[in-house]
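K.L.:
Questions regarding the structure given below will be posed in turn.
The values are calculated or read from the model by the stated rules, or taken from the named source; none is laboratory data. These numbers were taken from a predicted model, which means no experiment stands behind them. Note that we place each Cβ from the backbone using ideal geometry, even for glycine, and neighbour counts take in every protein chain shown. Surface accessibility is based on the protein's heavy atoms, side chains included, excluding ligands, DNA and RNA. Shrake-Rupley method; radii C 1.70, N 1.55, O 1.52, S 1.80 Å.
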Amino acid sequence: MRVFVINCGSSSIRYQLLDSDSGRVLQKGKAERVHELEGGHGEALKEILSGLDASSIEAVGHRVVHGGDQFFDSVIVDDQVIDAIHRCDVYAPLHNPANLLGIEVAMQSTPQVPQVAVFDTAFHQSLPDHAFRYAIPQNLYQAHHVRRYGFHGTSHHYVAKQAARIIARPLNSLNLISLHLGNGASATAVKEGKSIDTSMGMTPLEGLIMGTRSGDIDPAIVFYLARQTGLGRDAVESILNKDSGLKGICGFNDMREIEMRAMEGDARAQLAFEMFCYRIRKYIGAYYAVLGRLDALIFTAGIGEKSPLVRERSCRGLTHLGIIIDPQKNDRTANEAFEIQ
Ligand code: ADP
């Protein structure tokens, strides 16, 4: 089956045309900074679609960032689904409207085929309430749906399945920790194949240190900063999302650049690298405790796949947990999964 897959993001559009039977990628591409274009996402996507043989497409898959607590799995898009995605706009105001635009344009261009919404949040809908609730007044959860949703679910689910394949055991028998380390980063505890805890929260700001996001901080810092600097809540939110994380610590958010500078003796880059790996180590420890038994630790996304240094540093000192990286096996990057222990 020919499937067109679209990730219509806040600033870029990535797409692939796949043969879903063989998994072969027939065509792929990326349009960047589309929000700055005249006509925005809609025009960019129309142009992408006009470069394809639309009549050969048999289904379209759409990445949707936030499905709230409405979606436990991927769904075929209809009016009710569109309304439900719209209702989740408040949680992901940059992403969900862009995702929906992608759906609308694709529905117009390929009206004859099913459109499927695939949610970043769906895999984490199996979290138990003691993991997804925050310790704030219950009425805020009930009235405003303040809870952990988690993200990167399609990635965590996919790599969990790949790990099960490689170690040749059924996924529903495995306890795993997966670490998605890209520009955004998150950790997930998978028990018997299901997500039972994850580091991103109501929004993608919580958890690991990321390229430009702070990850976990004392929430009181927000109010302290607002008082001390006179900045409004949008400005503080923007600092925590766009100017913090690795970039905030050392001025760079690209891990390649940070590793290079750290090697050359740049103290701020060394600190950023150390903080990034230390936070990962803390989450491994926490999720190990939650799982009780660990069958595999998984690294994925740009940094997870391509940085032997981050993998080594994040796992250093975890021998007592049975996590022992083999330096030779680890000194590798590849486009397929491989073992590093
Ligand atoms: P996004 O969240 O934007 O999809 P990616 O998964 O592409 O991000 O990951 C981007 C990150 O991966 C960047 O920090 C980049 O520096 C890092 N990265 C890519 N290649 C390497 C490499 N060879 N060594 C270290 N880091 C790398």
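K.L.:
Mind checking whether some residue in the range 254-264 is touching a Gly at 6+ places or on another chain (Cβ under 9 Å), away from the ligand (no atom under 13 Å from the Cβ) and not polar (S, T, N, Q)?
P.N.:
Looking through the range 254-264, none of the residues is touching a Gly at 6+ places or on another chain (Cβ under 9 Å), away from the ligand (no atom under 13 Å from the Cβ) and not polar (S, T, N, Q).
K.L.:
Please go through the range 115-126 and pick out each residue that is over 14 Å from Arg63 (Cα atoms) and open to solvent by 10 Å² or more (accessible area, probe 1.4 Å).
P.N.:
Filtering the range 115-126 down to residues over 14 Å from Arg63 (Cα atoms) leaves 124-126.
Residues satisfying the conditions are Gln125, Ser126.
K.L.:
Checking the conditions here, which among Gly215, Gly302, Gly248 is within 12 Å of the ligand (Cβ to nearest atom), under 22 Å from the mean Cα position of the chain (by Cα) and small (Gly, Ala, Ser)? Break it down into steps so the answer makes sense when it comes.
P.N.:
Details: Gly215 fails: within 12 Å of the ligand (Cβ to nearest atom); Gly248 fails: within 12 Å of the ligand (Cβ to nearest atom).
Within the list Gly215, Gly302, Gly248, the selection yields Gly302.
K.L.:
Shifting gears a bit: If you go through the range 149-160 one residue at a time, do you hit one that is open to solvent by 70 Å² or more (accessible area, probe 1.4 Å) and over 19 Å from Tyr287 (Cβ atoms)? Break it down stepwise before answering.
P.N.:
Of the residues in the range 149-160, the ones open to solvent by 70 Å² or more (accessible area, probe 1.4 Å) are 158.
When the remaining residues are screened for being over 19 Å from Tyr287 (Cβ atoms), the result is none.
For the range 149-160, residues open to solvent by 70 Å² or more (accessible area, probe 1.4 Å) and over 19 Å from Tyr287 (Cβ atoms): absent.
K.L.:
Shifting gears a bit: Select from the range 199-231 the residues that are in contact with a Phe, Trp or Tyr (Cβ under 8 Å, 6 or more places away or on another chain) and either of a type in the set (Val, Ile, Thr) or not in a loop (DSSP other than H, G, I, E, B) (or both) and list them in ascending order. Steps first, please.
P.N.:
To start, the set of residues in the range 199-231 that are in contact with a Phe, Trp or Tyr (Cβ under 8 Å, 6 or more places away or on another chain) comprises 199-204, 207-209.
Hits for the range 199-231 are Thr203, Ile209.
K.L.:
Enumerate the pairs (first residue in the range 87-104 and over 17 Å from Phe151 (Cα atoms); second residue anywhere and in a loop (DSSP other than H, G, I, E, B)) with beta-carbon separation below 6 Å, excluding pairs fewer than 6 apart on the same chain, so at least 6 apart or on different chains.
P.N.:
Taking only residues 6 or more apart or on different chains, the pairs are Ile103/Val77.
K.L.:
Still on this structure: Tell me, please, whether a residue that is polar (S, T, N, Q), part of a strand (DSSP E or B) and under 18 Å from the mean Cα position of the chain (by Cα) can be found in the range 185-194. Write out each step before concluding.
P.N.:
Initially, the range 185-194 is screened for residues polar (S, T, N, Q), giving 186, 188.
From what's left, part of a strand (DSSP E or B): 186, 188.
Restricting the remaining residues to those that are under 18 Å from the mean Cα position of the chain (by Cα) gives 186, 188.
Taking every residue of the range 185-194 in turn, at least one turns out to be polar (S, T, N, Q), part of a strand (DSSP E or B) and under 18 Å from the mean Cα position of the chain (by Cα).
K.L.:
For the range 154-163, state whether one or more residues are part of a helix (DSSP H, G or I), within 16 Å of the ligand (Cβ to nearest atom), among the hydrophobic types (A, V, I, L, M, F, W, C) and touching a Phe, Trp or Tyr at 6+ places or on another chain (Cβ under 9 Å).
P.N.:
For the range 154-163, residues part of a helix (DSSP H, G or I), within 16 Å of the ligand (Cβ to nearest atom), among the hydrophobic types (A, V, I, L, M, F, W, C) and touching a Phe, Trp or Tyr at 6+ places or on another chain (Cβ under 9 Å): present.
K.L.:
So, in the range 43-100, how many residues would count as being open to solvent by 80 Å² or more (accessible area, probe 1.4 Å) and touching a Lys or Arg at 6+ places or on another chain (Cβ under 7 Å)?
P.N.:
Total meeting the criteria: 1.
K.L.:
Among the helices (runs of 4 or more DSSP H) confined wholly to the range 1-120, which include 3 or more residues that are more than 30 Å from Glu237 (Cβ to Cβ)? Explain how you work it out, then say what you get.
P.N.:
Numbers: elements: 40-50, 79-87, 96-109.
So the answer is 40-50, 96-109.
K.L.:
Here is a further query. Does Ala187 satisfy the condition of being in contact (Cβ under 8 Å) with a residue 40 or more places away in the chain, of a type outside the set (Lys, Arg), open to solvent by less than 10 Å² (accessible area, probe 1.4 Å) and more than 16 Å from the ligand (Cβ to nearest atom)? Working first, answer last.
P.N.:
On the way: in contact (Cβ under 8 Å) with a residue 40 or more places away in the chain: yes; of a type outside the set (Lys, Arg): yes; open to solvent by less than 10 Å² (accessible area, probe 1.4 Å): yes; more than 16 Å from the ligand (Cβ to nearest atom): no.
Spelling it out, it is not the case that Ala187 is in contact (Cβ under 8 Å) with a residue 40 or more places away in the chain, of a type outside the set (Lys, Arg), open to solvent by less than 10 Å² (accessible area, probe 1.4 Å) and more than 16 Å from the ligand (Cβ to nearest atom).
K.L.:
What helices (runs of 4 or more DSSP H) lie completely within the range 232-341 and have 2 or more residues being in contact (Cβ under 8 Å) with a residue 12 or more places away in the chain and among the β-branched types (Val, Ile, Thr)? Can you show your working first?
P.N.:
Working: elements: 233-242, 245-250, 255-263, 267-291, 301-306, 308-315, 327-330.
Result: 233-242, 267-291.
K.L.:
Something else about it: Which pairs do you get when a residue that is more than 13 Å from Leu49 (Cβ to Cβ), found in the range 5-32, comes within reach of a residue that is of a type in the set (Asp, Glu) and part of a strand (DSSP E or B), reach meaning Cβ atoms under 9 angstrom, with the pair 6+ apart or on two chains?
P.N.:
Val25/Asp19; Leu26/Asp19
K.L.:
Condition test on Tyr224, is it closer than 25 Å to Tyr287 by Cβ and open to solvent by 50 Å² or more (accessible area, probe 1.4 Å)? Even if it seems obvious, please write down each step before you answer.
P.N.:
Details: closer than 25 Å to Tyr287 by Cβ: no; open to solvent by 50 Å² or more (accessible area, probe 1.4 Å): yes.
In short, no.
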